[in-house]
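Read through the structure below, which is laid out as structure tokens, and then see the notes.
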Amino acid sequence: MKGLILGAGKGTRLRPFTYTQPKPLLPVANQPVILYGLTQLMKLGINEIGIVIHPEQEESFKQVLKSVNDPDLTVTYIYQTEQKGIGHAVMQAKSFIGKHPFVLLLGDNLICEPLLALRDQFNKKGIHSTVLVKEVSHPEDYGIAEIKDKKIVNLEEKPSRPKSNLAVIGAYIFTPYIFKAIQSIEPSARGEYEITDAIQWLIDHGYRVNYVITGKPASDVGTVERWLEANKWMLQMENKEGLSEVKEKAQDSIIIPPVKIGKNCEIKQSVIGPYVSVDSGAKIEKCSIRNSVVLKGARLENVPFEISDSIVGEGASVSGSRDAESHISGIFPDKSSVIIPDKQTTFKKKEGGT
Ligand SMILES: Cc1cn([C@H]2C[C@H](O)[C@@H](COP(=O)(O)OP(=O)(O)OP(=O)(O)O)O2)c(=O)[nH]c1=O
């Protein structure tokens, strides 16, 4: 069995961060998302892995994948120059896959369900594809599976009237019949070759598709809200780094776990947590921050408000004078420089105004 990870999307909903980094390389709990998927595949014993990327992103991917030291692993980069959908991205890997069955992962997805459950279902007699589904609260945002008599009978991408709340999420196993399916479908109304349409084609043409329902956390990091949410539950789940170890990395500070602090960080006189990941080389001094992602080399100094629900980009600098009791949440782009004004400036009322 081979592995295929898709990483060639545009990531428009995560701009400006995706201007500098492809979405699968953004960190959750200080680790690039793609490495969680890669680890999942390697745990299944898969060591031939293809990654579909835009050619301009190859160096960034290689840089991140350098950290994976497994002599048995071979990674092949496959180009998708136009982002015409997940089905189209899979199609680019046809010659890499050859005659093998393969596990497909969406590179921006974090899935906690071990893929072993998926493979066991796939190994049942006569199965051509296995999908992972999960109950979601906003089915209209997902590809939704309709299930009857333990069989998937219908799949619909972002339905306006969902037939269930079971969303197909970013892990699948296919036989190469999926290429025949993709070649047979038309682009959707949004102009993309949808993987759900290709799976529907399999079902309609007598191929057998089964499924695994996961109750474990799973999400993509496609929006700031989902990125923060994924960071929160990954920190909660990992929470390996003992509190004392984290505290050692911070001087005169209060740490409210779960918190993760990377290498060479400077943390002084601050309140950090809960649910904060601080990536390597960042500096935080005289700040209070919770439920946020702080990327590499970011600096937060003397910020007058509590910072929450924020992403602080790589090398961004946020500072201010320490004189307020409110809070701030937001997006601080990579390398941006933001000075937060003090209380008087922010809340000054216009004299004599209405
Ligand atoms: C649409 C598309 C997605 N993908 C990958 C990228 C992601 O890891 C995964 C899910 O993609 P999406 O989140 O559906 O698309 P996107 O990454 O372009 O983001 P946005 O909608 O915000 O512009 O599939 C491709 O490799 N090629 C494609 O053509």
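The values are calculated or read from the model by the stated rules, or taken from the named source; none is laboratory data. None of the values given here were measured: they were computed from a predicted structure. Note: ideal-geometry Cβ built from the backbone for every residue, glycine included; neighbour counts use all protein chains shown. Only protein heavy atoms, including side chains, enter the accessible area calculation; ligands, DNA and RNA are left aside. Shrake-Rupley method; radii C 1.70, N 1.55, O 1.52, S 1.80 Å.
Out of curiosity, is L202 farther than 23 Å from G313 by Cα, part of a helix (DSSP H, G or I) and open to solvent by less than 30 Å² (accessible area, probe 1.4 Å)?
Details: farther than 23 Å from G313 by Cα: yes; part of a helix (DSSP H, G or I): yes; open to solvent by less than 30 Å² (accessible area, probe 1.4 Å): yes.
Considered against the rule, which asks whether it is farther than 23 Å from G313 by Cα, part of a helix (DSSP H, G or I) and open to solvent by less than 30 Å² (accessible area, probe 1.4 Å), L202 comes out as yes.
Please go through region 157-179 and give me each residue that is at pLDDT 90 or above, in contact with a strand residue (DSSP E or B) (Cβ under 6 Å, 6 or more places away or on another chain) and open to solvent by 40 Å² or more (accessible area, probe 1.4 Å), ordered by number.
P162, K163, N165
Look through region 69-91, keep the residues that are touching a strand residue (DSSP E or B) at 6+ places or on another chain (Cβ under 8 Å) and away from the ligand (no atom under 14 Å from the Cβ), and return whichever of them is least open to solvent (accessible area, probe 1.4 Å). Break it down into steps so the answer makes sense when it comes.
First pass over region 69-91, keeping only residues touching a strand residue (DSSP E or B) at 6+ places or on another chain (Cβ under 8 Å): 73-80, 86, 89-90.
With the extra rule that they be away from the ligand (no atom under 14 Å from the Cβ), the set shrinks to 73-76.
Details: L73: 29, T74: 72, V75: 47, T76: 55 Å².
Per the stated criteria, the residue is L73.
When region 265-280 is examined, which residues are found to be open to solvent by 10 Å² or more (accessible area, probe 1.4 Å) and under 22 Å from the mean Cα position of the chain (by Cα)?
Hits for region 265-280 are P274, Y275, D279, S280.
Can you tell me which residue among D334, D309 is among the charged types (D, E, K, R), at pLDDT 85 or above and farther than 19 Å from K286 by Cα?
Details: D309 fails: farther than 19 Å from K286 by Cα.
Just a single option satisfies the conditions, and that option is D334.
Looking only at region 139-175, which residues are touching a Leu at 6+ places or on another chain (Cβ under 7 Å) and free of Cβ contacts under 8 Å to residues at least 60 places away in the same chain?
If we filter region 139-175 for residues that are touching a Leu at 6+ places or on another chain (Cβ under 7 Å), which is where we start, we get 143-145, 147, 168-174.
Hits for region 139-175 are G143, I144, V168.
Just checking, which of E225, E266, E248, E229 is out of contact with any Phe, Trp or Tyr (no Cβ under 9 Å at 6 or more places or on another chain) and more than 28 Å from L25 (Cβ to Cβ)?
E248
Give me a count of the residues in region 245-264 that are open to solvent by less than 80 Å² (accessible area, probe 1.4 Å) and over 24 Å from the mean Cα position of the chain (by Cα).
Step one: of region 245-264, the residues open to solvent by less than 80 Å² (accessible area, probe 1.4 Å) are 246, 249-250, 253, 255-262.
Applying the additional criterion that residues be over 24 Å from the mean Cα position of the chain (by Cα) yields 246, 249-250, 253, 255-256.
Summing the residues that are open to solvent by less than 80 Å² (accessible area, probe 1.4 Å) and over 24 Å from the mean Cα position of the chain (by Cα) in region 245-264 gives 6.
For region 137-154, name all the residues that are open to solvent by less than 10 Å² (accessible area, probe 1.4 Å) and within 16 Å of the ligand (Cβ to nearest atom).
Matches in region 137-154: G143, I144.
Please specify each residue of region 270-304 satisfying the condition of being in contact with a Gly (Cβ under 7 Å, 6 or more places away or on another chain) and not in a loop (DSSP other than H, G, I, E, B). Quick ask: steps written out before the conclusion?
Here is the first cut: in region 270-304, the residues in contact with a Gly (Cβ under 7 Å, 6 or more places away or on another chain) are 278-282, 290, 295-298, 302-304.
Answer for region 270-304, where residues must be in contact with a Gly (Cβ under 7 Å, 6 or more places away or on another chain) and not in a loop (DSSP other than H, G, I, E, B): V278, R290.
Scanning for something part of a loop (DSSP other than H, G, I, E, B) and open to solvent by 40 Å² or more (accessible area, probe 1.4 Å), does region 229-240 turn up at least one residue?
In the first step, residues of region 229-240 are kept if they are part of a loop (DSSP other than H, G, I, E, B); the result is 239-240.
Cutting the leftovers down to open to solvent by 40 Å² or more (accessible area, probe 1.4 Å) gives us 239-240.
Yes, region 229-240 contains at least one residue that is part of a loop (DSSP other than H, G, I, E, B) and open to solvent by 40 Å² or more (accessible area, probe 1.4 Å).
So in region 1-57, with the set limited to residues that are of a type in the set (A, V, I, L, M) and more than 14 Å from the ligand (Cβ to nearest atom), which one is farthest from A316 (Cα to Cα)?
The initial filter retains those residues of region 1-57 that are of a type in the set (A, V, I, L, M), namely 1, 4-6, 8, 14, 25-26, 28-29, 33-35, 38, 41-42, 44, 46, 49, 51-53.
Narrowing further to those that are more than 14 Å from the ligand (Cβ to nearest atom): 1, 29, 41-42, 44, 46, 49.
Details: M1: 42, A29: 18, L41: 34, M42: 34, L44: 38, I46: 38, I49: 34 Å.
Ranking the candidates gives M1 first.
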